[in-house]
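Single-structure report; data block below.
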Protein chains: 2
Amino acid sequence: MTEERIKDMLDAREYKELKEELETNMYPVDLAEILEEFDQKHMVLVFRLLAKEEAAETFSYMNSDMREDLINALTDSELEEIMEEMYLDDTVDVLEEMPANVVDRLLMVTDAEKRQQINQLLQYPEDSAGSVMNVDYIALRREMTVADSILKIRQVGLNRETIYTCYVTEQRHLIGQVDIKELLTSSESKTVEEIMDTNMLYARTTDDQEDVANIITKYGLIALPIVDHENCMVGIVTVDDAMQVLQDETTEDISIMAGVNPNEDSYFGTSIFEHVKSRIPWLLFLMLSATVTQMIMNSYENALALMPQLAGFVPMLTGTGGNCGSQSSTLVIRGLAVGEIEFSDLFKVIWKEIRIAFCISIILSVVNGIRIMLMGQGDAMMAFTIGLTMACTVLIAKVVGCTLPLIAKKIGLDPAIMATPLISTLVDISTISVYFAIVSYVFHL
Amino acid sequence: MTEERIKDMLDAREYKELKEELETNMYPVDLAEILEEFDQKHMVLVFRLLAKEEAAETFSYMNSDMREDLINALTDSELEEIMEEMYLDDTVDVLEEMPANVVDRLLMVTDAEKRQQINQLLQYPEDSAGSVMNVDYIALRREMTVADSILKIRQVGLNRETIYTCYVTEQRHLIGQVDIKELLTSSESKTVEEIMDTNMLYARTTDDQEDVANIITKYGLIALPIVDHENCMVGIVTVDDAMQVLQDETTEDISIMAGVNPNEDSYFGTSIFEHVKSRIPWLLFLMLSATVTQMIMNSYENALALMPQLAGFVPMLTGTGGNCGSQSSTLVIRGLAVGEIEFSDLFKVIWKEIRIAFCISIILSVVNGIRIMLMGQGDAMMAFTIGLTMACTVLIAKVVGCTLPLIAKKIGLDPAIMATPLISTLVDISTISVYFAIVSYVFHL
């Protein structure tokens, strides 16, 4: 269903038909996207037509402005229905973004047991496994038979987000897990203990959500159980949430790597002012850092006045240095993000980059030397001088590029900060220092 | 289990204990990683200790060199067992990377039916949904009851990679799907038709695997059914494969964005020679492109000889231009990758970037003007000239940065090519042209 079709049906007051079409032909995530374009009145109107499950799911996909509008327009009993239908992890996401008065109103319409669970979840640090986990899962006991277990799933399954993996607990401690496939294909009289897998992975509530998502990807899991500091099982992180976490974290990394402070909204959902605000800090910082480069160049003013053609090589040298540095830093940042490279690999990485830099600088210096002579931009001496500068630049760029992200990780900063923009500015400074030091020595300037 | 522990047990010839420990304490994906460090003889020795399911799974996680070594060492009947146990999508992955003689040997030990399916899958283009899909899924008919369906899952489930979602087909056409949760929580006498969901998503065998993975993420699916050009259901793509696809595609994008030709191996798994080979093409191309910048600067040699301090502003201007351009191109490239931005948004994006550029250039020009005057690097006229150049640079950088990835997408290139390295070189050229045109006009050089 398209936006136009919904609007036409609203205008024609075909509410009953619209309600039916929404139920059969529309996914909540798509509807939430379409409703973004509606004014408040029409958005609320469409929302009220939804069955309560669809309403709750659509609500969980909306952006925070839409949610607030909607909460203000709905009655307490309507809100109560939505709060009842929403999975706990989505509820917590919603509450985290709402102003205090809205949170109060939402908590008021929630029953006491759920309210307690919500308050518990709200206490986990942002981006921790606890903050994305779901507390609804199927718990079995080891002495239950397969038939008992299936009966339990039949009874409670409808209220659980996932039933694909069931967890075996004893005094709230996780002792095993059983896949639904195992349950369905085992003899009904077997006990859970006989078929459960005791060699299972789990994470802690305080673990970083990105690490949890990486485990789920690496081992191809449907859900990962989460335990608290007393090793009691408190919830699960499901694969769909893990995919969302990975996508968001990657977008965040890529933004930071380009010198843009990440924000949670989409490109079009971010205002001009917000875009400027997230881009200007790095631009200002890097522009002012370039003052150092300028001061170095100005101190060679006399050399430049004598041989103005020296200036022409500057963009090529700094550009190549920046590119070499960003290649290394990017590969290391990505290696850190997917868990392939760790701080302990520092010297292994540096040694690898030095050897790579050696090969690359020979190729670039030779090709560039030939170019200089062919284009008549200088003699063999100039070709040699530029080649030497190029070699130093490549080496410095590769070593700085691979080292800084690892150090950032070690001291608890986001390695993505150490990407292209910062590396190129640092490499610019070293390239120009080396360049003018070499040329003024060689040409006695 | 650590690498050392396995080696110790091998040295002590404690094969039986090792076999037991491997079965209970080891995940195939971790074992494949550890075996990478072993020599061929020990690797084969450990591999032969594995139960056939674990062996097949470990094999599917190995890199191609290890697989080849292993295939050469194993007997035909051992290979046959592995081929029998491996899921079809993994088998196809293995075969795609093997030399022809190895493929022949593997196909020889495979039974006829499976061989036919493999040959079918091998025909799908690389990176298509067909090439990553699995042909093992549970198919139901609409007239079956819930009890019949559960019985069918009991019988065939063990050989299927996933039973979480079952698909309802009629003459091989997909007509609905039923989640295992729905089956388990419905009355046994209901028919599949009564409980099936007919409003389901699917993709085609020829669709891009990244698009399929994005659908699975967006809608939080466990699997997506794949149909052929005659709309017959031929397989499913499961969420674990989708996560792997997304992670690989993101790593590929990030590499390309840093001017590194992507390869499938890890950072440490790639040799120095391979690293150089994947980094040198862009470095050479960009270095030689910088010749244009140099030619422009050389044509202003006289101006530089008169006012050598002009050269000092060059790295700051080109650096800022490059950073502005990479901010825009990166945000657009990511927006394209996650499906938020499309080519049809071209003018919307350009208009947004123009307004952002306007705000940013005012801030940067003013701050930089104050800096120039405070540091005595020039008078008000110089501050104005640099400010004007800065404004033009920011505008050009933002517009070029946001436009090129969209055009690349439109003409079928990977938008990630249009990232920082290429954008900075293009922006360098325009910045320097604008800069010298403005200064020579203002200062009558």
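Every test in (1) farther than 17 Å from A:S430 by Cα; (2) modelled with pLDDT under 90; (3) at the interface with chain B (Cβ under 7 Å from one of its Cβ atoms) is passed by A:N298 save one, and that test is (1).
Going through (1) over 34 Å from the mean Cα position of the chain (by Cα); (2) within 14 Å of chain B (Cβ to nearest Cβ) one by one, A:R160 falls short only on (1). What do you reckon, is A:V132 over 28 Å from A:M243 (Cβ atoms), modelled with pLDDT under 90 and of a type in the set (V, I, T)? In short, no. The numbered conditions (1) acidic (D, E); (2) modelled with pLDDT of 90 or more; (3) closer than 15 Å to A:M133 by Cβ are all true for A:D240 except (2).
When the residues of region A:38-63 are filtered to those that are among the aliphatic types (A, V, I, L, M) and not in a helix (DSSP H, G or I), the one that is nearest to the chain's Cα centre (by Cα) is A:M62.
If you take the residues in region A:1-14 that are part of a helix (DSSP H, G or I) and of a type in the set (K, R), which one is nearest to B:I215 (Cα to Cα)? Full working, then the answer.
Pass one, region A:1-14, residues part of a helix (DSSP H, G or I): A:3-11.
This time we only want the ones that are of a type in the set (K, R), so: A:5, A:7.
Details: A:R5: 23, A:K7: 26 Å.
This residue is A:R5.
Scanning region B:71-84 for residues that are within 17 Å of B:T110 (Cα to Cα), of a type in the set (A, V, I, L, M) and in a helix (DSSP H, G or I) turns up B:I71, B:L79, B:I82, B:M83. The single condition among (1) modelled with pLDDT of 80 or more; (2) more than 23 Å from B:T205 (Cβ to Cβ); (3) within 33 Å of the chain's Cα centre (by Cα) that B:Y167 does not satisfy is (2). Quick check: anything in region B:305-324 more than 9 Å from chain A (Cβ to nearest Cβ) and either touching a His at 6+ places or on another chain (Cβ under 8 Å) or free of Cβ contacts under 8 Å to residues at least 40 places away in the same chain (or both)? No, there is no match, as no residue in region B:305-324 is more than 9 Å from chain A (Cβ to nearest Cβ) and either touching a His at 6+ places or on another chain (Cβ under 8 Å) or free of Cβ contacts under 8 Å to residues at least 40 places away in the same chain (or both).
Kindly provide the set of residues from region A:337-374 that are of a type outside the set (K, R) and within 7 Å of chain B (Cβ to nearest Cβ), ordered by number. Write out each step before concluding.
Here is the first cut: in region A:337-374, the residues of a type outside the set (K, R) are A:337-347, A:349-351, A:353-354, A:356-370, A:372-374.
Matches in region A:337-374: A:V338, A:E340, A:I341, A:I356, A:C359, A:I360, A:I363, A:L364, A:V367, A:N368.
Go through the residues of region B:398-419 one by one and say whether even a single one is touching a residue at least 24 places away in the same chain (Cβ under 8 Å), polar (S, T, N, Q) and under 20 Å from A:P281 (Cα atoms). No, there is no match, as no residue in region B:398-419 is touching a residue at least 24 places away in the same chain (Cβ under 8 Å), polar (S, T, N, Q) and under 20 Å from A:P281 (Cα atoms).
When the residues of region B:36-69 are filtered to those that are among the hydroxyl-bearing types (S, T, Y) and in contact with a Pro (Cβ under 7 Å, 6 or more places away or on another chain), the one that is surrounded by the most Cβ atoms within 10 Å (Cβ to Cβ) is B:T58.
The set of residues from region B:145-157 being of a type in the set (D, E, K, R) and within 7 Å of another protein chain (Cβ to nearest Cβ) comprises just one member, B:R154. Somewhere in region A:425-435, is a residue over 21 Å from B:G312 (Cβ atoms) and in a helix (DSSP H, G or I)? Within region A:425-435 (the criterion being over 21 Å from B:G312 (Cβ atoms) and in a helix (DSSP H, G or I)), the answer is no, since none of the residues qualifies. All of (1) without any contact (Cβ under 8 Å) to a residue 40 or more places away in the chain; (2) surrounded by fewer than 20 Cβ atoms within 10 Å (Cβ to Cβ) hold for A:T91 with one exception: (2). Only one residue in A:I71, A:I6, A:I82, A:I34 is over 26 Å from B:T217 (Cα atoms) and of a type in the set (A, V, I, L, M, F, W, C), so which one is that? After applying the criteria, what remains is A:I71. Among the residues making up region A:266-295, a single one is small (G, A, S), closer than 18 Å to A:D65 by Cβ and at the interface with chain B (Cβ under 7 Å from one of its Cβ atoms): A:S266.
Residues considered: A:A357, A:A383. Of these, the only one that is crowded, with 22+ Cβ neighbours inside 10 Å and at pLDDT 90 or above is A:A357. Filtered by the rule that a residue be surrounded by 12 or more Cβ atoms within 10 Å (Cβ to Cβ), among the charged types (D, E, K, R) and at pLDDT 85 or above, region B:1-35 gives B:R5, B:K7, B:D8, B:E14, B:K19, B:E20, B:E21, B:D30, B:E33. When A:M233 is tested against (1) at the interface with chain B (Cβ under 8 Å from one of its Cβ atoms); (2) on the phi < 0 side of the Ramachandran plot; (3) in contact (Cβ under 8 Å) with a residue 40 or more places away in the chain, exactly one condition is not met: (1).
For region B:15-37, a residue qualifies if it is closer than 12 Å to B:T2 by Cα, assigned to a loop (DSSP other than H, G, I, E, B) and more than 9 Å from chain A (Cβ to nearest Cβ), and exactly one does: B:E37.
In this structure, is A:T191 crowded, with 19+ Cβ neighbours inside 10 Å and hydroxyl-bearing (S, T, Y)?
Values: crowded, with 19+ Cβ neighbours inside 10 Å: no; hydroxyl-bearing (S, T, Y): yes.
No, not satisfied.
Taken together, the residues in region B:251-300 that are surrounded by fewer than 22 Cβ atoms within 10 Å (Cβ to Cβ), β-branched (V, I, T) and in contact (Cβ under 8 Å) with a residue 24 or more places away in the chain amount to 3.
Return yes or no: is A:D248 closer than 30 Å to A:Y202 by Cα, surrounded by fewer than 18 Cβ atoms within 10 Å (Cβ to Cβ) and more than 21 Å from the chain's Cα centre (by Cα)? Working first, answer last.
Values: closer than 30 Å to A:Y202 by Cα: yes; surrounded by fewer than 18 Cβ atoms within 10 Å (Cβ to Cβ): yes; more than 21 Å from the chain's Cα centre (by Cα): no.
Spelling it out, it is not the case that A:D248 is closer than 30 Å to A:Y202 by Cα, surrounded by fewer than 18 Cβ atoms within 10 Å (Cβ to Cβ) and more than 21 Å from the chain's Cα centre (by Cα).
Scanning region A:327-336 for residues that are under 20 Å from the mean Cα position of the chain (by Cα) and either small (G, A, S) or more than 7 Å from chain B (Cβ to nearest Cβ) (or both) yields A:S329, A:V332, A:I333, A:G335, A:L336. Looking across B:D207, B:D197, B:D241, one residue alone is touching a strand residue (DSSP E or B) at 6+ places or on another chain (Cβ under 9 Å), farther than 21 Å from A:Q244 by Cβ and within 13 Å of another protein chain (Cβ to nearest Cβ). It is B:D197. Of all residues in region A:70-88, exactly one satisfies the criterion of being surrounded by fewer than 17 Cβ atoms within 10 Å (Cβ to Cβ) and β-branched (V, I, T), namely A:T75. Among the residues of region A:341-363, some residue qualifies, meaning at least one is part of a loop (DSSP other than H, G, I, E, B) and touching a helix residue (DSSP H, G or I) at 6+ places or on another chain (Cβ under 9 Å).
The values are calculated or read from the model by the stated rules, or taken from the named source; none is laboratory data. Fair warning: this is a prediction, and the values are worked out from it, not measured in the lab. So basically every Cβ, Gly included, is an ideal-geometry build from the backbone, and we count neighbours across all protein chains shown.
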